[in-house]
1. Is it true that some residue in the range 116-133 is free of Cβ contacts under 8 Å to residues at least 40 places away in the same chain and more than 22 Å from the chain's Cα centre (by Cα)?
2. Which one of THR656, THR647 is touching a Gly at 6+ places or on another chain (Cβ under 7 Å) and closer than 15 Å to ASN541 by Cα?
3. Looking at the range 427-447, I want the residues that are at negative phi and of a type outside the set (Gly, Ala, Ser) and have a partner that is part of a loop (DSSP other than H, G, I, E, B) and crowded, with 20+ Cβ neighbours inside 10 Å with Cβ atoms under 7 Å, at least 6 apart or on another chain. Which pairs are those?
4. (1) open to solvent by less than 30 Å² (accessible area, probe 1.4 Å); (2) modelled with pLDDT of 90 or more: which one isn't true of GLU179, the others all being true?
5. Return yes when VAL549 is among the β-branched types (Val, Ile, Thr) and at pLDDT below 85 and no when it is not.
6. Identify all residues within the range 405-456 that are farther than 24 Å from SER387 by Cα, in a loop (DSSP other than H, G, I, E, B) and not charged (D, E, K, R); write none if there are none.
7. Taking VAL202 and the conditions (1) touching a Phe, Trp or Tyr at 6+ places or on another chain (Cβ under 9 Å); (2) closer than 28 Å to GLU325 by Cβ; (3) not in a strand (DSSP E or B), which numbered condition does it fall short on, given that it satisfies the others?
8. When only residues in the range 146-170 that are in a loop (DSSP other than H, G, I, E, B) and open to solvent by less than 30 Å² (accessible area, probe 1.4 Å) count, which is farthest from ILE108 (Cα to Cα)?
Amino acid sequence: MKNLLSSRISWVAILALLTGISLQAQSGDAPATTELGIGGSAPLTVYSNNIAVKLRLESQVFQKDTYVVIDYTQPTAMEIHRNLARSMRFGEGETTLKILAENFSLEIPVDDLREARGQSSQLLENLTAEFEEQNERIDVTAKIGWAVLKHFSLKLDFDNNELVLTPASERTEDDIAAEYEMIVKGVVRVDDRVWIPVQDDVYQSVYMLFDTGSYHTRVDKDFASLRGFPLGDVPNLRFQEGGQTQPISEMAALMPNGVERAPKMELPEGVEVPEVAPIEERMKSEPVLISGLSLLSGYTLEINPEEGLLALTRIKNSNYREEDEAFYSAVGARDSEKLDVYLETYPEDRHVREAVFWRFGLGIEEKDPVDVQLATLDRGLNVVLESDQFRYINNFISFSNAVGAESDLKIGIGEKALGFVAVSKNPAHRQHVQIFLGDLYFDQENIDKAYENYFAAAFNGDPRLEPFNRYKLATVYEAMGKYRRAYSSYSRSLRDFDDLPPDMASGSLEALTRLREHLDPDDPLIVEAETNRMYVPKQLNIGEPLPVVTAMTLEGEEQALDHFKGKVVLVDVWATWCGPCIAGLPKLREVAEKFAGTDFEVLSVSADDKAETVIDFLEDEDLPWHHWHIGAGGDVHKEWNIRGYPTYMLIDREGTLLARGHGLTDEMISLIEQNLKQI
């Protein structure tokens, strides 16, 4: 069954990412309630689109105060921003992360923690930046999801700004009925999503998906059109149980499922729009409504998925806003003029930023002039904090690039973004924008402007981009006919190969061959280039032999990889200072113990500066397997193309590479078992 909000076209997902609208589907399972702690109560904070709770993340050797988003549609137990995830440490034998407040306690198994990526990561960064003053500079770094929440009865008290989690089995229907005006029965779980029965004047019972990750309360546009209200204003939708009712469409304006019905941009090659069944068929298997905070915050409510109940007490007459209706009407009609009227009439409304994205997307579809599009961006900038303006406009660079906007528009946005770089917290941002502009001008064959931006980028930002900048400058020099400069820049881009994308490394190698005819045979640059070629590591492919290297054991003896021939070997390239490496040790230890006594070996290869650092570490950590020390760089890094830690590589008895990655996955463990059986 498809999620009602699943994206049909590529730029819609980006729009959802930037506006905080949830697009996740549901899957997965969670540990038993007894392993999760008792829950409890904590003060909740309502952001524009999300619910968050200030909590403390704690282990035996780690502690951090942070805000945690409550996301009922997130399938995983807990997602943590990558910066925090990679710095967390756990004590010997510790298997859970404690989530604590004065009257609140959860324990999430370490194996259920996930690094937030993509949309989730962007949301956490956006909330941190937007609400840093309100949150007294405490970051928003994590999200608790369905795999935890489904074991609890969740109470949201918007009157007193309190969130309460109670183990579901402890909250019976009688307990809940005594505290609320109304109970809605028949709440069901389908594919680990929670559906609430809703009454409609024509179709009687339909279903609402329970979601806490959006302000908007959304209605399927096809359903609304079928009911004769294509702009989403379907009347008299309500919760009903027996003779009791509570309003939905009178409580909050309904957004016609605009995310799904976004302007039809040209799809990237190879991407297809999925077929969607007629609404009458979909109503049998999909919710036609999705709850948002515009509706939920009108009630004190409690939802218990195990008991199949939603309890409600009305605390507001209505959350219906004219501003919402105006915005939703424009979105439902996909009407750029209506969006202009909304932005003009309500220039500081909560939806302005989102409306600007809609107006901008429609402008791309309708091929509006660049000055019109930039004026639209100005409306968004007017409601963004000065400290957040560059990040805001930078989103449009990503957006316009992803949907294949015309170059002149992308250049206009990039040039505009440079005017706001001064308020960016990351000095590398100027460099990124200048490279972006350089690429655009280069594609337009405006070599002078391309050179101007690439050259400026070389003096700004992240030194790790130096080889990247050298490559870009080399392409300009070559286009200018300055072949010796081009040859030198291509050559020197290879010195820091680890920071150079593989396609650029290949491009540099090809260019050195191509341009050599333009140099004097005795030119010293040719000798330099041959030296720089040595920095390029070999490409490793699954199914091919892992290069046989030699390194020093911790006992000071030289040992080659073919020492392990005849064994299935899991190679772990790591360092004691690497947070994810340390976090992965318990699982690595489990694997070693599981296959002990077989033809399986673990080989940990340390990239620490000194072998003594590893030796000291092993005095406190029991890692009873083979250990090498290779230092922070050198031949082994080049031969094995090591570009991050940890790097796990699995080889069979003949030394063939079976799997490679930065995580010890279940698939990799399964491959170990399969190869041990192949005798």
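1. yes
2. Result of the check over THR656, THR647: THR656.
3. PRO427/GLY461; ARG430/GLY461; GLN431/GLY461
4. (1)
5. no
6. Correct list: ALA405, GLN444, ASN446.
7. (1)
8. By that ranking, first place goes to PHE158.
The values are calculated or read from the model by the stated rules, or taken from the named source; none is laboratory data. Keep in mind that this is a model prediction, so the values were computed, not measured. Neighbour counts run over all protein chains shown; Cβ positions are idealised from the backbone, glycine included. These accessible areas exclude ligands, DNA and RNA; they are computed on the full protein's heavy atoms, side chains included. Shrake-Rupley method; radii C 1.70, N 1.55, O 1.52, S 1.80 Å.
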